[in-house]
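Read the structure below first, then the notes.
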Amino acid sequence: MNKGMMNFVSSHQYEFTVILRLILSSVCGGIVGVERELKGRPAGLKTFSLVCLGSTLAMITNEYIYLYIAGSTGDVARMATQVISGIGFLGAGTIIVTGNAQIKGLTTAAALWVTASIGIAIGAGFYFGGILGVIVIVVTSKIYNYIDSKIGEYTNILRLFIEGEDETVLKKAFQYFEENNYNVINIHRTKENKWFKEDTAAVIEVMVGNKKHSDVLDELNKMPEVLMVREIER
């Protein structure tokens, strides 16, 4: 086989691996994104698929330059480092502070960063590592969500949003906390997420000891002054 034919075969083999990597990275990123989308997060299937695909393409482009343009000289991982640092800006954009002074998006930002790493692994041809990474992320996410829900139910600090027609709702809530020896750590009024504009609403952090959060919420819900009360996720 002459040199030209060898280059033709190797070129087509390389193109096949490129197709495989791009498709695989798109699917893997989408799988991670589905879990976020099912929870109603702003970054979902499409976002994660694009992040993983983009990082894979960056790695393939770096590899192509290294093999076919630079003559196998230079740093083959240069683009990978740029992807990892650059994805931080996209992740930061998913982190917000809500009207209830609650930070959201940290997990989504972290998942975006990990998805970029999966894309780099697939782009480098490390299929086993990329696929295994997706499996570990999806499985552990389910397990940790369950554990977190159980731990959160018994944490000392309960963070809740409470709403009533007037100031009486806060007076009754504080009276209930005092009667049960619950220590109020912080309280601030809020105008966000209220049913009615004229209502009184606040976000309260209170130490409830070993009391189950659901029990405290049920007891508050029984008060006629309370229109709505719910726990704010950590």
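Restricting attention to the stretch 157-231, lysine pairs at least eight places apart or on different chains and with alpha-carbon atoms under 27 angstrom apart total 19. Taking amide hydrogens as placed 1.01 Å from N in the peptide plane, the amide H of ASN183 sits under 5 Å from those of MET207, each at least 5 positions away in sequence or on another chain.
All of the numbers you see were taken from the coordinates with simple rules; none came from a lab. If you're wondering where the values come from, they're calculated on a predicted model, not measured in any experiment.
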